[in-house]
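The values are calculated or read from the model by the stated rules, or taken from the named source; none is laboratory data. Quantities reported herein were computed from a predicted structural model and do not represent experimental measurements. When we count neighbours, we look across all protein chains shown, and the Cβ atoms used for this are built from the backbone with ideal geometry, even at glycine.
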There are 2 protein chains.
Amino acid sequence: MPATPFSSSFLTLQPRFNTYVNPIFRSLTFQLSSSFNANFSSHRLHSSLSPAPETDSPTAGRSGALTPAPAVAADVQKIDVNPPKGTRDFPPEDMRLRNWLFNHFKGVSRLYGFEEVDYPVLESEALFTRKAGEEIKDQLYCFEDRGNRRVALRPELTPSLARLVIQKGKSVSLPIKWFTIGQCWRYERMTRGRRREHYQWNMDIIGVPGVMAEAELISSIVTLFRRLGITESDVGFKVSSRKVLQEVLNCYSVPENLFGKVCVIIDKIEKIPVDEIKRELRAVGLSQDAVHELLQILSVKSLTELEERLGSGGEAVAELKQLFSLAEKIGYSNWLQFDASIVRGLAYYTGIVFEGFDREGKLRAICGGGRYDHLFSTFGADDIAACGFGFGDAVIVELLKEKGLLPELNLQIDIIVCALDEDLQECAAMVANILREKGQSVELVLESKPLKWVFKRAARVNAERLVLVGNSEWQRGMVGVKVLSTAEQYEVKLDDLK
Amino acid sequence: MPATPFSSSFLTLQPRFNTYVNPIFRSLTFQLSSSFNANFSSHRLHSSLSPAPETDSPTAGRSGALTPAPAVAADVQKIDVNPPKGTRDFPPEDMRLRNWLFNHFKGVSRLYGFEEVDYPVLESEALFTRKAGEEIKDQLYCFEDRGNRRVALRPELTPSLARLVIQKGKSVSLPIKWFTIGQCWRYERMTRGRRREHYQWNMDIIGVPGVMAEAELISSIVTLFRRLGITESDVGFKVSSRKVLQEVLNCYSVPENLFGKVCVIIDKIEKIPVDEIKRELRAVGLSQDAVHELLQILSVKSLTELEERLGSGGEAVAELKQLFSLAEKIGYSNWLQFDASIVRGLAYYTGIVFEGFDREGKLRAICGGGRYDHLFSTFGADDIAACGFGFGDAVIVELLKEKGLLPELNLQIDIIVCALDEDLQECAAMVANILREKGQSVELVLESKPLKWVFKRAARVNAERLVLVGNSEWQRGMVGVKVLSTAEQYEVKLDDLK
């Protein structure tokens, strides 16, 4: 796609589904970018989410309204009908899916006793400009506002969480258990399941130094997966601890302040050539031996082997063993595997780190998190033990699609109300309101329309009943009711309507 | 407050409640800006929303964890603990209020058969830079992204709605009934109930030219007010039609393309001196007589008088009469009053306009909307009849506070689970998960804590029951249960836990 702000698709007016379940729908259109051209199952294709075009004119301009005078044309400004590159609209079908997913996030969070919080999408840039060489810093949507403040669209939620916790100080009791579902922004190359904005579900525990906290977080995610129908044969967690690297660095007397930087470099190991990794590690001052040992340890895939290499006295091994034991007891050990190559890309992690992955290896990480016991002090406050995870809304939808687990979500209205005569429209509005007062969701037909149209509309909104306001019935204080699934018809007194 | 990006409140660590219900809590703190210093009832003051500080140390750093080496201090970057000026954090107590309010928005929208949608917070700047002299244009949070696109944080939702409707084209059937609850941004001077970001609930009907649509929209808002406990003695709607002004302009042969501009100028009538209004109107080319007549008509406060002035043949009078008649029939006419001075500040309105206001006259408009039948053609598409409203999340909270209608919303956990012995923590985690699988929300105590602490915590999270995992019970496959409201205590088998 061209990098100009307005692409060539001005006002194409074709049914273009720029959607939450992007790949499926995009594959229907000619505006397909190759990176989205994956071969997905298409079982949602013919659902009501993409209703057939109807025959009504979309230009129901009102006769006698202000006529568009020639001079108005001067103000016409052809707009790009697409959202900015890398962003999404949420038309109704996609919004239903988003709500469905977010409700699962919320349900699980509350099941675990977490409270919901949120922060501004726009934060001070300083909150995110750590000096560890993280990718995230170069991808900031940042600018200067009209008051000359450097601000940024948040690329992640954890720094805001830390900011709020510091602000609250002693007014909140520890441990804090908070969750957020917030939109985050990164200006980056777009690939499958990755856009420039995404929503991220975060759960964080502040004030608990022990591994019980990490176990609780992973348990929450497992519960989410299970609720979505995903099993341990679909998804697993790779788990390690940054203390593994820390212990290696300690052996070589590498200064503590290099720790974040080293982790950020090592995290890139699957993206850039290993020689480049080595070069970068040497460049920050690590010895050849330290670099060699660091890269060696990354290949360790079992706790037993790790223990052989590091000895059993260190925290890394002890904590990892405790976490696996807890997982066993709670009942999700089948989901976990130790993998020393897991480091995570954020500079601030200090202990256990983990990453959810699809076992088929088709997708990017589904979620990731870990312990960050020193983030608070980098912001100038006292440190508080803390851990948390981020879980995006994009990769999980890809996975659910792959597994055929996306739900059919339709608009569902209780009753559609229609006047049979233009003169009765006020009466129909009255009827609609009587029903709404009784808690029924009502689609009121707002114009004079042929019955055929009304039935079509009723089907589209999946109405259970159709209430018709006709003249002769109205005279008798009655309306006609049709149960749409059975075609059963009857009359009912206005007072008895429900 | 100083206009520097970092105010003087670095890391103050006092309990500072930067909250959704800003004024109440701010009045508790010394960081009070005079414009927020209103005299509010304070019935929420001592709710659980501001828990008393507990005695735990907030710095539960883990012994033996990476020690903050001196070199780390070099990376310390004292951050401002406050969100950027004009923005909000949503700590748990404010998030509960936000969810409560948004759930009302959603509930009403669904009751009326509307589908939820959303658009990107970041849109192309071109979507908002109309040339009618609107305030909104000068208040854009806009910038150039890393791909040299001019983008803006959306100041309102309607242009995005129009963009999406145009994009969807014939693939959606009319009428479209959509609602959104979206965050909007305006860089402006902050006054009571106005920040630089707010959430706005929008409902729009696309494709219905008749006044039934406006009646449906106002009916929705009335339903919301009623559900919140607000009556017609608290709130009313001022209603007019832009066609009133249009008919005056037509008399003086003012070109159609000036219409939006004229409306935008007239809308400022309560903010700037009338002589300045006159000057601006003359400057766009209106005659002295036209200006005089326009300003005269604004003072009309009854439909009867309007009809006397404009005659009964025009659309303005006919449509307004029909709307009032509909309101009568549906049962909310007590909420409405005609007021020709209502124009609304957005350039694109073309017909009926309305504004919700508090009858005590203390607050800004609570909501506002109207018909915008020509917005689509200004974007280069065919026109579609359309109307909608925006309803912010700030003024309504002020009003609810004034009226003592804000709910008490507390965290509510079903069960708190605690091990009586550090060795039993894994068992407690297991018990928590058994209960969660049965749908109970469970706060698991993640550390070894004295019972006194546990009871305090249980009270804070409003737990109904406390489940204690003790050694002797565990040996027998049992746990202890305490019902916290009655202090009733019993033992229960693990298998019978629920």
Among (1) modelled with pLDDT under 95; (2) closer than 17 Å to B:L411 by Cβ; (3) touching a Ser or Thr at 6+ places or on another chain (Cβ under 8 Å) - the single one A:R150 does not satisfy: (2)
Test: A:W178 is under 26 Å from A:D358 (Cα atoms) and either modelled with pLDDT of 95 or more or of a type in the set (F, W, Y) (or both): no
Entirely in region B:95-196, the strands (runs of 3 or more DSSP E) that have 1 or more residues that are more than 7 Å from chain A (Cβ to nearest Cβ), closer than 30 Å to A:A459 by Cβ and in contact (Cβ under 8 Å) with a residue 40 or more places away in the chain: B:176-185
Checking B:E232 against (1) touching a Phe, Trp or Tyr at 6+ places or on another chain (Cβ under 6 Å); (2) surrounded by 20 or more Cβ atoms within 10 Å (Cβ to Cβ), the condition it does not meet: (2)
Members of region A:286-336 found to be more than 11 Å from chain B (Cβ to nearest Cβ) and of a type in the set (V, I, T), listed by number: A:V291, A:I297, A:V300, A:T304, A:V317
Residue that is surrounded by the most Cβ atoms within 10 Å (Cβ to Cβ) [pool: residues in region B:476-498 that are more than 38 Å from the chain's Cα centre (by Cα) and in a loop (DSSP other than H, G, I, E, B)]: B:L497
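Any idea which residue in region B:206-215 is nearest to A:A428 (Cα to Cα), counting only those that are at the interface with another protein chain (Cβ under 7 Å from one of its Cβ atoms) and hydrophobic (A, V, I, L, M, F, W, C)?
Kept after step one, since they are at the interface with another protein chain (Cβ under 7 Å from one of its Cβ atoms), are these residues of region B:206-215: B:207-210, B:212-213, B:215.
Right, trim to hydrophobic (A, V, I, L, M, F, W, C) and you get B:208, B:212-213, B:215.
Values: B:V208: 16, B:M212: 10, B:A213: 13, B:A215: 12 Å.
Out of the qualifying residues, it is B:M212.
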Top-ranked residue of region B:239-261 - restricted to ones that are at the interface with chain A (Cβ under 10 Å from one of its Cβ atoms) and modelled with pLDDT of 95 or more, ranked as nearest to B:E319 (Cα to Cα): B:K243
Among (1) over 18 Å from B:I384 (Cα atoms); (2) touching a residue at least 60 places away in the same chain (Cβ under 8 Å) - the single one B:V254 does not satisfy: (2)
Those residues of region A:218-272 which are farther than 27 Å from A:E328 by Cα and of a type in the set (A, V, I, L, M), in sequence order: A:V248, A:L249, A:V254, A:L258, A:V262, A:V264, A:I265, A:I266, A:I269, A:I272
Qualifying residues in region A:262-283 (those that are farther than 30 Å from A:E360 by Cβ and surrounded by 21 or more Cβ atoms within 10 Å (Cβ to Cβ)) - the one nearest to the other protein chains (Cβ to nearest Cβ): A:V262
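Using the structure shown, decide if B:G236 is closer than 15 Å to B:I352 by Cα, outside any helix (DSSP H, G or I) and modelled with pLDDT of 95 or more. Lay out the reasoning, then the answer.
On the way: closer than 15 Å to B:I352 by Cα: no; outside any helix (DSSP H, G or I): yes; modelled with pLDDT of 95 or more: yes.
Taking the combined requirement at face value, the residue does not satisfy it.
Residues are listed down the side, and each one gets a yes or a no for (1) of a type in the set (G, A, S); (2) over 20 Å from B:E426 (Cα atoms); (3) touching a residue at least 40 places away in the same chain (Cβ under 8 Å):
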| site | (1), (2), (3) |
| --- | --- |
| B:L466 | no, no, yes |
| B:N471 | no, no, yes |
| B:W474 | no, no, yes |
| B:G477 | yes, no, no |
| B:V483 | no, yes, no |
| B:T486 | no, yes, no |
| B:Y490 | no, yes, no |
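Looking only at residues in region A:337-351 that are among the small types (G, A, S) and closer than 13 Å to A:L375 by Cβ, which one is farthest from the other protein chains (Cβ to nearest Cβ)? Step through it out loud before you land on a result.
Keep residues of region A:337-351 that are among the small types (G, A, S), which gives A:340-341, A:345, A:347, A:351.
After this cut, where a residue has to be closer than 13 Å to A:L375 by Cβ as well, the list is A:347, A:351.
Working: A:A347: 9, A:G351: 7 Å.
Among residues in region A:337-351 that are among the small types (G, A, S) and closer than 13 Å to A:L375 by Cβ, the one farthest from the other protein chains (Cβ to nearest Cβ) is A:A347.
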Any chance B:F225 is touching a helix residue (DSSP H, G or I) at 6+ places or on another chain (Cβ under 9 Å), of a type in the set (F, W, Y) and under 30 Å from B:E402 (Cβ atoms): yes
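Specify which of the listed residues (A:V461, A:V397, A:V431) is hydrophobic (A, V, I, L, M, F, W, C), touching a Phe, Trp or Tyr at 6+ places or on another chain (Cβ under 8 Å) and in contact (Cβ under 8 Å) with a residue 40 or more places away in the chain.
On the way: A:V461 fails: touching a Phe, Trp or Tyr at 6+ places or on another chain (Cβ under 8 Å); A:V431 fails: touching a Phe, Trp or Tyr at 6+ places or on another chain (Cβ under 8 Å).
Exactly one of A:V461, A:V397, A:V431 is hydrophobic (A, V, I, L, M, F, W, C), touching a Phe, Trp or Tyr at 6+ places or on another chain (Cβ under 8 Å) and in contact (Cβ under 8 Å) with a residue 40 or more places away in the chain, namely A:V397.
Can you name the helices (runs of 4 or more DSSP H) wholly within region B:387-475 that have at least 1 residues being in contact with a Pro (Cβ under 9 Å, 6 or more places away or on another chain), buried (at least 16 other Cβ atoms within 10 Å of the Cβ) and away from chain A (no Cβ under 12 Å)? Walk me through how you get there before you give the answer.
Numbers: elements: B:395-402, B:425-437, B:451-460, B:471-475.
So the answer is B:395-402.
Take the residues in region A:111-152 that are among the β-branched types (V, I, T) and within 19 Å of B:R196 (Cα to Cα), then tell me which one is surrounded by the fewest Cβ atoms within 10 Å (Cβ to Cβ).
Taking region A:111-152 and keeping what is among the β-branched types (V, I, T), we get A:117, A:121, A:129, A:136, A:151.
Still in the running and within 19 Å of B:R196 (Cα to Cα): A:121, A:151.
On the way: A:V121: 22, A:V151: 26.
Of everything passing the filter in region A:111-152, A:V121 is surrounded by the fewest Cβ atoms within 10 Å (Cβ to Cβ).
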Index of the failed condition, B:E256 passing every other in (1) under 19 Å from B:V343 (Cα atoms); (2) acidic (D, E); (3) surrounded by 20 or more Cβ atoms within 10 Å (Cβ to Cβ): (3)
